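Notes to accompany the following structure.
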Amino acid sequence: MANVTLKEIVNNTYVKAYIAAADCNFAAVGYKEHGARHARFASDTAMGILSSLGYSSRDIELAGIAGYIHDIGNAINMEEHSLSGAVMTKRILESMRMEPKETMAVVNAVGAHEDKEMIPNSHLTAAVIFGDKSDVHQARVRIEKFSELDTHSKVNLACEKSQLGIVSESKVIFLKLRIDDKIISIGEYFEIFLERMLHLKKAAKYFDHSFVLYINDKKFL
Ligand SMILES: [Fe+2]
Ligand SMILES: [Fe+2]
């Protein structure tokens, strides 16, 4: 069995090909960036959350791996991509001889990252949800003509800054967003992103923390 590292995952030929293909599929329909940048963001954020909460270095690395690989199912289709991604992840990790228990933990985090209805079932899944759902930023928008943007892209375009953090003393995980309300109103933002924010709330609950959302320095959730 091998101690598979995040570096090996990032450099794996299949992972590279699947992430590139997923991003190509999204680009074809003008949908927001879903390539190596999003993978890296989700990976770094998932590791940051577990590191702040005092998890072991191996847990942090596994969160980095799950975060990096979480959306590879989009290479096949956006529909049910968490499930296809979980099967693809299993094959990759087995071929790299990752220990079975670790393989299952990562596969589970990939397969469960879109489950909005329930509290996540593991620290890896909760960490990946933070990595995935807190990625709201201008850098994800790829259409240049404003008139062609859908509301989802406008929300990302309007987001000038996003910062995820933890206040350990009060057991709060917060997301601070700076939104340009000339691009989108706060109401429109909520119309699109409320579900995503409620998902983050459930992930925070797994860690026995509450989730607080600030938009332009005002507390919203
Ligand atoms: Fe996803
Ligand atoms: Fe994602």
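No lab work stands behind these numbers, since they all come straight from the coordinates. This structure is a prediction, so every number in the text was calculated from the model and none was measured. No Cβ is skipped: glycine too gets one built from the backbone with ideal geometry, and neighbour counts run over all protein chains shown.
Points worth noting:
- Charge tally in the Cβ shell below 13 Å around Tyr214, where Lys, Arg are +1 and Asp, Glu are -1, Tyr214 excluded: +4
- The trypsin sites (Lys or Arg not before Pro) found in the range 74-126 that occupy coil by DSSP, while having at most 16 further C-beta atoms within 10 Å, are Arg97, Lys116.
- Highest-fluctuation residue, Asn25, Asn108, Asn12 considered, GNM on the chain with Cα pairs under 10 Å: Asn12
- Three-way shape call for the range 1-51 based on the alpha-carbon gyration tensor, with the a/c threshold at 1.5: oblate
- Our estimate of slack between Lys219 and Leu83, defined as 0.36 nm per intervening residue step minus the Cα-Cα distance, is 45.5 nm.
- About the Cα centre, charge dipole magnitude for the chain (Lys/Arg +1, Asp/Glu -1 at Cβ), debye: 340
- Annotation note: GluC sites (Glu not before Pro) in the range 110-157 located in DSSP loop regions with a Cβ neighbour count of at most 10 within 10 Å are Glu117, Glu144.
- Cross-link pairs Lys116/Lys218; Lys116/Lys145; Lys182/Lys219; Lys16/Lys171 - those with Cα-Cα distance over 29 Å: Lys116/Lys145; Lys16/Lys171
- The ratio of the alpha-carbon radius of gyration of the range 6-219 to the globular-protein estimate 2.2 N^0.38 Å is 0.99.
- Between Ser162, Ser82, Ser57, the GNM of the chain built on Cα springs shorter than 10 angstrom shows Ser57 fluctuating the most.
- Residues in the range 85-95 carry Karplus couplings, in order, of x, 5, 5, 5, 4, 4, 5, 5, 5, 5, 5 Hz; the curve used is 6.51 cos²θ - 1.76 cosθ + 1.60 with θ = phi - 60°, and Gly or Pro positions show x.
- The chain - percent relative contact order, Cα under 8 Å, separation 6 or more: 18
- For Gly111, net neighbour charge (Lys/Arg +1, Asp/Glu -1) across residues whose Cβ lies under 11 Å away: -2
- Residues considered: Lys182, Lys201, Lys171. Largest GNM mean-square fluctuation over the chain, using C-alpha springs under 10 Å, is found at Lys182.
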